[in-house]
1. When the Karplus curve 6.51 cos²θ - 1.76 cosθ + 1.60 is applied with θ = phi - 60°, which whole-Hz ³J(HN,Hα) does each residue of the range 31-38 get, with x for Gly and Pro?
2. Can you give the % of DSSP beta bridges in the chain that are antiparallel, to the nearest 5?
3. Under 5 Å between amide H atoms, partner at least 5 residues away or on a different chain: which partners does THR18 have, H built in plane at 1.01 Å?
4. Would you mind checking LYS3/LYS79; LYS40/LYS78; LYS14/LYS69 for any pair whose Cα atoms are more than 18 angstrom apart?
5. Set Lys and Arg Cβ to +1 and Asp and Glu Cβ to -1, take the dipole of the range 1-68 about its Cα centre, and tell me which of VAL10, THR56, ALA30 lies farthest positive.
6. Return the carbon/sulfur percentage of the accessible area of the chain, one whole number, probe 1.4 Å, all protein chains in place.
7. Report the charge-dipole magnitude of the chain in Debye, nearest 20, computed about the Cα centre from +1 at each Lys and Arg Cβ and -1 at each Asp and Glu Cβ.
8. By the gyration tensor of its Cα atoms, with a ≥ b ≥ c the square roots of the eigenvalues, what is the shape of the chain: rounded for a/c under 1.5, prolate for a/b over b/c, or oblate?
Amino acid sequence: MPKRTLQGVVVSDKQAKTVVVRVDRRFSHATMKKVVRRSKKYHAHDETNSYSIGDTVWIEERRPISKLKCWEVIRGDKKEKVS
């Protein structure tokens, strides 16, 4: 079975080797026929602590590492610094 891959934005990097990623999804409501946005947060393993708040990352399913972590960051794009 293939592993799921999701794209999201890092919303927290305070934990060691862990980032919290917010994944947004859009879908059409069944009865209202209106586009609805929903988001969910995932704890993902970041071995090198290289991602910070605002970075766009791709996470992939893997075996559980801890109680909350069963996702791992596979790649990401750094947020550009504005000076």
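The values are calculated or read from the model by the stated rules, or taken from the named source; none is laboratory data. As the structure is a computational prediction, the values presented were derived from the model and not from experiment. Quick reminder, even Gly has a Cβ in these numbers, built from the backbone with ideal geometry, and neighbours come from all protein chains shown. The protein model used for the area step is the full one, side chains on, heavy atoms only, and it has no ligands, DNA or RNA in it. Shrake-Rupley method; radii C 1.70, N 1.55, O 1.52, S 1.80 Å.
1. Listing the rounded values in order: 9, 7, 6, 10, 6, 10, 10, 10 Hz.
2. Taking every DSSP beta bridge with both residues in the chain, the antiparallel ones total about 95 percent.
3. ASP46
4. LYS3/LYS79; LYS40/LYS78
5. Going by the Cα projections, it comes out as ALA30.
6. 50 percent
7. 520 debye
8. In terms of gyration-tensor shape, oblate.
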